[in-house]
């Protein structure tokens, strides 16, 4: 990873997670010690899919990898706690 100290951001779409569950994921990730941001505030209307903005400036590769593991745990918990929009339609 290069440019880690440049304050770079990453946008991640989350297929399989209902957009209304993003705030629960952000809260769960915070409990895991990771700060995430919903993309929803950057839209004039609610987005049709779930997305997150990751800021990883000033992280080394080890910290980044640990953060990804923590987000995965949070996603696992939040994903199990409510069905996705697609699952409710089916």
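In cubic angstrom, how much convex hull volume per residue do the alpha carbon atoms of the stretch 1-57 span?
Working: hull volume 5.2 nm³, N = 57.
Output value, Cα hull per residue: 92 Å³.
Modelled this way, with points 7 Å down the Cα-to-C-beta line, the labels at residue 73 and residue 46 are 3.0 nm from one another. As a proxy for reagent exposure, ranking 62, 28 by other Cβ atoms within 10 Å from fewest up yields 62, 28.
The numbers here are math on the coordinates, done by the rules we state, and not lab data. These figures come from a predicted structure and were not determined experimentally. As a convention, Cβ positions derive from the backbone with ideal geometry for all residues, glycine included, and neighbour counts pool all protein chains shown.
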